[in-house]
Protein chains: 2
Amino acid sequence: MSRYSPVTEEIAAELKKIVGEKYVICNDAEKLEPYSHDETPGKEWGRMPEAVVRPSSADEIAKIAKLANERMVPITPRGAGSGLSGGAVPLHGGIVISLDRMNKVLELDKDNMMITVEAGVIANDINEHIREHGLFYAGYPMSMETCYIGGNVAENAGGGKAVKYGVTARYVLGLEVVTPAGEIVQMGGKLLKDVTGYNMVQLMVGSEGTLGIITKVILKLIPLPKYQVDLLCLFKSSEEAIAAVPRIMTSSGITPTSIEYMDRESVQESCKYLNENISYQDAGAMLLVTVDGSEKELVEKDYETVGTLCEKLGAFEVYVADNPTTSERIWKIRRNIPEAFSVFSKRQCGEDIVVPPASIPLIVAEFKKLAAKYSVRIPSYGHAGDGNLHSRISCGTDWSDEKWKSTLPKILEELYSLVNKLGGKISGEHGIGHKRKKYMRTVVSEEYIGMLKAVKRALDPNYILNPGKIFDL
Amino acid sequence: MSRYSPVTEEIAAELKKIVGEKYVICNDAEKLEPYSHDETPGKEWGRMPEAVVRPSSADEIAKIAKLANERMVPITPRGAGSGLSGGAVPLHGGIVISLDRMNKVLELDKDNMMITVEAGVIANDINEHIREHGLFYAGYPMSMETCYIGGNVAENAGGGKAVKYGVTARYVLGLEVVTPAGEIVQMGGKLLKDVTGYNMVQLMVGSEGTLGIITKVILKLIPLPKYQVDLLCLFKSSEEAIAAVPRIMTSSGITPTSIEYMDRESVQESCKYLNENISYQDAGAMLLVTVDGSEKELVEKDYETVGTLCEKLGAFEVYVADNPTTSERIWKIRRNIPEAFSVFSKRQCGEDIVVPPASIPLIVAEFKKLAAKYSVRIPSYGHAGDGNLHSRISCGTDWSDEKWKSTLPKILEELYSLVNKLGGKISGEHGIGHKRKKYMRTVVSEEYIGMLKAVKRALDPNYILNPGKIFDL
């Protein structure tokens, strides 16, 4: 028997009182369906909510949480639904709390170089808002045109600029969080350093909406880098391309903004999807290396250093994109790889492993062996500069559903064991969600999971907030 | 009645079995005394331990913790004892666990640009160890010549280079931690990003030794900046000097490595203490601004930009220190201010407030008013570039102990309220310890403290690990 109660007519009526009738969806499968899944490939990861509410304030969310906590109804916060591990999926039914109406930029504080936004602001809109002021928010998830900042914080999104600028966590200075008991708590602030109590802000970052509902975010901004150059370095083989990555990191003396790896298959799928025809898509693999900065000469010097190094390391061609149009054309191909794979292949599994950066060539080699062993495809792409690689495991059209379902777990077990042997982990930026939770033990100890569970129990004793994610209690 | 048990002869014998007889101190007040306090000014913050143990491994610490947890004896981990909030003081007696024997650099991993060290390694030794490899650890606490990296992590030390490089937290990628129950847990790893479960690493960072005993640390390193220039900018008044700080941050287009503020009194005390006679010590206040980088021309351009801006903002003199000897001479004065105050003044209270960086001039002005109101001195210095200011409240020699003890809490209440009004917090890098715990409520909510307590209870249910710090349970 479930520990949870259903969303009764009476509870639905209460919800309508809190947020207004038109912002509650229930008893309407068609309208509920979009809230039943995120972008994780595979229908098996979805689950229908019983109700969706679209509050406009932290106060409303606090009331919803209080109600849900009293009635033992699970609640699941949801941003744009662009997640890749099922974080926003209401695994035990109950109420989905959509943050889409909380989309206001509350304050740009130029004197402190900080911005305060509601959780439902689209990541890319932050930079649109601040560019004219010469400021820059360094988060750059590949879904930036749709994803919400609240989701970025909840998942600790990485993205294309993390090699130089770090992941979302580095920029989150303050949060407003609604607890499962319905309290509104302010954490951190407009402060560049703060040791007043435990670092609850960073505990919330990456907690996948299981410890609190993020309603407001204070982000640190930096001076906008005036110049950016992208290098597209083509290699004959994936081995050569990936081997160049740690070399760029350690021997160029430069920390590039991005080092993205794309194997041939990934580029081809994306080009096909975008109806883009780039002449160099037949290279064995390519690296997309970005350098940026505020001094034109230095950026030029840096890209020449990196370009020359790549040629030494086997690149047969280095294209220089030093204008926004060409840059965007290349980055669009990179950003659309996951979407392209989703469209062109029914059965697939998107992975997000992370290893020590110097081990990136080893793991790519292991993936090739694994693909051959199981007769599947494991094309890879991603943020190679920080040791984070995305791979899409997919099978031929001749495979039965049963074969796929019985084989995939074996492949994943082996893949994660290889990652573990290299000192890696099963997710660098997409999160555990419910997609990866059963594999946690391949990379962390029972005692570690025990600590996670203890923290969850401490902050959500009734276990009503996004239950079933990361681990089973 | 205390909830804790004393260190009996039998427990002492067990401890000797675990670490060896010569590494246990008990029944010897003279030898125990150095472990009864840290560098917090004021004898009232000290408390004698019943026993001190000096283990050589995480295994030994795990055994000690297990024993203490079973017998309900409090344990307090201790680094170099250079803390400034009483973090290493055994407030409820019991056992102090000194990390001084765990002082090995375990591995320098040049390919990943990471270093693995035991918790008892002196912060400065890390850079001594890696400089020849062209690598750099960006932590730079003022006590770097003595403090241990384990303590830096436990307190989330800031320091002189945080404006550009961030605080300790940014460089901690992995930890080995002994739990109060005596389990050894690995967290994080040689990974630049990792969302495999909650961010327990960052929960441990800054937890002041209350959630786990840090035994091993994996740190991220960066390429060693080849060039560094320090500017010593002299202003006629403290108002002018401090007003320049946010202007440098927002309008120079540069992120300096350091922006340190020192008022006249701070500089004079330190010079007196060091027997140093710098001709410019009579300026009203000064800023020490550092820029660094790997390109000589760029560093030169940057320091000229900053220097010219400071002159525009009222600096009547800008000294350029572009060689290590002169640099070290200036920084030594900065680093020795706290020690100088301790030597020359009996009754004093060292503060560590942090405010949004743009509010730094406001808080300095408020401190002046407060000093006048209570007829005390509140000289200020510190990491103004990140909004973090150290102030030493002290009174005249004519004050009685009673007057000091009854007046100080009033001053602190007022001071912290001012900080709170500006959106600040009561500690930027020194920690709460037991020195500041009763003032937590001036800056954070009851609900927030409730969350901290819940986390503490979850990870240390018997409350044996460094009890009485940050809050009372």
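Structure above, values below:
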read-out: Region A:227-337: equivalent-ellipsoid semi-axes (sqrt of 5 x gyration tensor eigenvalues, Cα, Å); value: 22, 17, 10
read-out: Pseudo-label separations to other copies for residue B:2 - Cα-to-Cβ vector, 7 Å, nm; value: 5.1
read-out: Residue-level accessible surface for residue B:402, protein heavy atoms, 1.4 Å, Å²; value: 130
read-out: Distances in nm from residue B:453 to the matching label points in the other copies, shortest first (labels 7 Å along Cα to Cβ); value: 2.6
read-out: 10 Å Cβ neighbours from other chains, averaged over peptide B:354-366; value: 3
read-out: Portion, in percent, of the accessible area of region B:161-222 that falls on carbon or sulfur, probe 1.4 Å; value: 48
read-out: Relative pair counts by distance (%), Cα atoms of region A:345-442, 10 Å bins; value: 16, 53, 28, 3
read-out: Residues of region A:227-337: accessible area per residue with a 1.4 Å probe, Å²; value: 41
read-out: Chains B and A together, accessible area buried on both sides, 1.4 angstrom probe, square angstrom; value: 6100
read-out: Sequence of B:184, A:353 when ordered by accessible area, the most exposed leading, probe 1.4 angstrom; value: B:184, A:353
read-out: Point-charge dipole on Cβ atoms (K/R +1, D/E -1) for region A:18-102, about Cα centre, debye to 20; value: 180
read-out: Cα-centred dipole magnitude for chain A, charges only on beta-carbon of K, R (+1) and D, E (-1), debye, nearest 20; value: 1000
read-out: DSSP-defined beta bridges in region A:1-224 - what % are antiparallel, rounded to 5; value: 75
read-out: Ellipticity estimate at 222 nm from DSSP helix runs (n ≥ 4, -39,500 (n - 2.57)) divided over the protein assembly as shown, nearest 500; value: -10500 deg cm²/dmol
read-out: Hydrodynamic radius by Kirkwood, which averages 1/r over all alpha carbon pairs of region A:47-193, in angstrom; value: 16.1
read-out: Distant-in-sequence amide H partners of residue B:317 (H built 1.01 Å from N, under 5 Å); value: B:234
read-out: Rg(Cα)/(2.2 N^0.38 Å) for chain B, N = residue count; value: 0.98
read-out: Heavy atoms of residue A:129 accessible to a 1.4 Å probe, total area in Å² rounded to 10; value: 80
read-out: Alpha-carbon radius of gyration plus Dmax, which is the widest Cα pair, for the protein assembly as shown in Å; value: 27.9, 92
read-out: Relative contact order [Cα under 8 Å, 6+ residues apart], chain A, whole percent; value: 16
read-out: Antiparallel %, DSSP beta bridges [both residues in chain B], to 5; value: 85
read-out: Sequence-distant residues sharing a close amide H with residue A:136 (under 5 Å, placed H); value: A:222, A:224
read-out: Cα centroid of region B:23-47 to Cα centroid of region A:270-312, whole Å; value: 60
read-out: List of region A:193-212 residues, accessible area with partners at least 20 Å² below that of the chain alone (1.4 Å probe); value: A:193, A:194, A:195, A:196, A:197, A:198, A:199, A:200, A:202, A:203, A:206
read-out: Pairs beyond 18 Å (Cα-Cα), from A:425/B:63; A:453/B:456; A:425/B:190; A:456/B:453; B:437/B:469; A:421/B:104; value: A:425/B:63; A:421/B:104
read-out: 3J(HN,Hα) from dihedral phi, region B:339-348, Karplus parametrisation 6.51/-1.76/1.60, rounded to Hz, x for glycine, proline; value: 4, 4, 4, 4, 6, 8, 9, 6, 9, 7
read-out: With all protein chains modelled, accessible area of residue B:330 [1.4 Å, Å²]; value: 10
read-out: Label 7 Å beyond Cα on the Cβ vector: residue A:326 copy-to-copy distances, nm; value: 4.4
read-out: Dipole magnitude of the protein assembly as shown, debye to nearest 20 (Cβ charges: Lys/Arg +1, Asp/Glu -1, about Cα centre); value: 1580
read-out: log10 of Debye I(q)/I(0), alpha-carbon scatterers only, for region A:190-231 at 0.19 Å⁻¹; value: -0.76
read-out: Highest to lowest packing among B:222-228, A:465-471, A:64-70, scored as the average C-beta count within 10 Å; value: A:465-471, A:64-70, B:222-228
read-out: Farthest toward positive dipole pole in the protein assembly as shown [+1 Lys/Arg, -1 Asp/Glu at C-beta], among A:224, A:115, A:270; value: A:115
read-out: Inter-site label distance for residue B:322 and residue B:29 at 7 Å from Cα along Cβ, in nm; value: 6.0
read-out: The protein assembly as shown: antiparallel DSSP beta bridges as a percent of all, rounded to 5; value: 85
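The values are calculated or read from the model by the stated rules, or taken from the named source; none is laboratory data. Since the model is a prediction, treat every value here as computed from it, not as a measurement. All Cβ positions, even for glycine, are placed from backbone atoms using ideal geometry, and neighbour counts span all protein chains on display. Side chains included, ligands, DNA and RNA excluded: accessible areas come from the protein's heavy atoms. Shrake-Rupley method; radii C 1.70, N 1.55, O 1.52, S 1.80 Å.
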